[in-house]
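> First, the structure itself, so that you have it in front of you.
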Amino acid sequence: MRLFLSYSSRDFPLASAIVQGLDALGHSIWFAPEQIGASRCFATEISAAMKEAEVLLLLATRHSIGDTTHAGSAEVKTEIKMAREKNIPVVPLKVDASLDCGGAEGFDYLLKNFQWLNLEPMLAMEDHNAIAKLIDAALTTGVSADTQLFDQQLTEVEKLLRDKHWQKAKALLEALVMPAGLRQQQELLKLVALMQSRPIKSLSKQQADWLVGRLTALAQGEQASVALYMLALISQGFYQANAIADATPGVASLKQQAQPLGRLKAKYIKMTDAILADSTAFATNWRY
């Protein structure tokens, strides 16, 4: 398995021993001191290695993630963030009590949903082979990326949009860097915020056509049900209201496409219920 080892340089002896053990078990480990030459760009090498990694192993110590008296490593924090953004599973390796307190400020947020492997008993016996075998066994049984915090952030955006706080929702969405699996949902919510920001009838044709293009693309994926509904809102609220040639297939055709996808979730109706003057009647007709 292709692994990325994130650690503090102050823990180099232990990191090196773990790498040797995992290498003997057939794993390919990206290990900064071995992989980066003196004349090469550190950031570029890390970015390239992260693209290849299947799992990030985090050697969690007071030097790397900090604790109540240590700040931790900024580089390690960046590597954890990169892994989360790329949907790479993170496996913390517990070496001392730093994970018990969640690490230093900022690390607690990044790591609170991860289950760690406890290396302390084997370290007390200086049994590095046992450590490598423990990590290998965990990797063999399978690890998955944590998306809970990202889900929570999108849930907060959805609440803001239900309450019509589109400015705050837009600002939060622009600040978020989502893993690939959540980017379509993020884009959809950006479009909801945009449609809340101004009366739909007053859009320019260029703006409306752009929205249609983005929603049509989303209608091919996981957000199809909501995207089709939003296309229908634009069809009626802009093209029909302004007597302009419709760039969508039309409300009836869009509704027909949406029917096999199941009932539209109420939260999306709530987010878009101010877009049309008769949004309640429109939503009722759409759902029944």
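> If Gln220 passes every condition in (1) closer than 21 Å to Leu154 by Cβ; (2) assigned to a loop (DSSP other than H, G, I, E, B); (3) open to solvent by less than 60 Å² (accessible area, probe 1.4 Å) but one, which one does it miss?
It is condition (3) that Gln220 fails.
For (1) modelled with pLDDT under 95; (2) within 26 Å of Asn242 (Cβ to Cβ); (3) among the hydrophobic types (A, V, I, L, M, F, W, C), each residue gets a yes or a no:
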residue: Lys170; (1), (2), (3): yes, yes, no
residue: Leu173; (1), (2), (3): yes, no, yes
residue: Leu176; (1), (2), (3): yes, no, yes
residue: Leu182; (1), (2), (3): yes, no, yes
residue: Met195; (1), (2), (3): no, yes, yes
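> Select, from Thr61, Thr78, Thr68, Thr44, the only residue that is surrounded by fewer than 18 Cβ atoms within 10 Å (Cβ to Cβ), in contact (Cβ under 8 Å) with a residue 24 or more places away in the chain and not aromatic (Phe, Trp, Tyr). Steps first, answer last, please.
Numbers: Thr61 fails: surrounded by fewer than 18 Cβ atoms within 10 Å (Cβ to Cβ); Thr78 fails: in contact (Cβ under 8 Å) with a residue 24 or more places away in the chain; Thr44 fails: in contact (Cβ under 8 Å) with a residue 24 or more places away in the chain.
Result: Thr68 is the single residue among Thr61, Thr78, Thr68, Thr44 that is surrounded by fewer than 18 Cβ atoms within 10 Å (Cβ to Cβ), in contact (Cβ under 8 Å) with a residue 24 or more places away in the chain and not aromatic (Phe, Trp, Tyr).
> Please report, ordered by residue number, the helices (runs of 4 or more DSSP H) entirely within the stretch 1-72 with at least 1 residues that are at pLDDT below 85.
Fully inside the stretch 1-72 and qualifying: 32-35, 42-52.
> Mind checking which residues of the stretch 238-270 are among the hydroxyl-bearing types (Ser, Thr, Tyr) and at pLDDT below 95?
Within the stretch 238-270, no residue meets the criteria.
> Inspect all residues belonging to the stretch 271-288 and state whether any of them is modelled with pLDDT of 95 or more and of a type in the set (Lys, Arg).
Scanning the stretch 271-288 turns up no residue that is modelled with pLDDT of 95 or more and of a type in the set (Lys, Arg).
> Now, a different point. So which residues in the stretch 266-278 are touching a residue at least 24 places away in the same chain (Cβ under 8 Å) and not hydrophobic (A, V, I, L, M, F, W, C)?
Of everything in the stretch 266-278, those that are touching a residue at least 24 places away in the same chain (Cβ under 8 Å) and not hydrophobic (A, V, I, L, M, F, W, C) turn out to be Lys267, Tyr268, Lys270, Thr272.
> Turning to a different aspect of this structure: State all residues of the stretch 97-125 that are of a type in the set (D, E, K, R) and within 22 Å of the chain's Cα centre (by Cα); if no residue qualifies, say none.
Glu105, Asp108, Lys112
> Right, another one. Scan (1) surrounded by fewer than 23 Cβ atoms within 10 Å (Cβ to Cβ); (2) part of a helix (DSSP H, G or I); (3) not aromatic (Phe, Trp, Tyr) for the single condition Val91 breaks and write down its number.
It fails just one condition, (2).
> Please verify whether the stretch 119-136 includes one or more residues that are modelled with pLDDT under 85 and crowded, with 18+ Cβ neighbours inside 10 Å.
no
> Take the residues in the stretch 241-288 that are part of a helix (DSSP H, G or I) and polar (S, T, N, Q); name whichever of them is surrounded by the most Cβ atoms within 10 Å (Cβ to Cβ).
Residues of the stretch 241-288 part of a helix (DSSP H, G or I): 251-261, 266-271, 279-287.
From what is left, the residues that are polar (S, T, N, Q) are 253, 256-257, 259, 279-280, 284-285.
Details: Ser253: 15, Gln256: 12, Gln257: 16, Gln259: 12, Ser279: 18, Thr280: 11, Thr284: 11, Asn285: 12.
This residue is Ser279.
> How about the stretch 180-214: which of its residues are surrounded by 17 or more Cβ atoms within 10 Å (Cβ to Cβ), farther than 24 Å from Gly250 by Cβ and in contact with a Ser or Thr (Cβ under 9 Å, 6 or more places away or on another chain)?
Scanning the stretch 180-214 gives a single hit, Leu182.
The values are calculated or read from the model by the stated rules, or taken from the named source; none is laboratory data. Fair warning: this is a prediction, and the values are worked out from it, not measured in the lab. Glycine also receives a Cβ, built like all others from the backbone with ideal geometry; neighbour counts cover every protein chain displayed. For the accessible areas, the whole protein counts, side chains as well, though only heavy atoms, and no ligand, DNA or RNA atoms are used. Shrake-Rupley method; radii C 1.70, N 1.55, O 1.52, S 1.80 Å.
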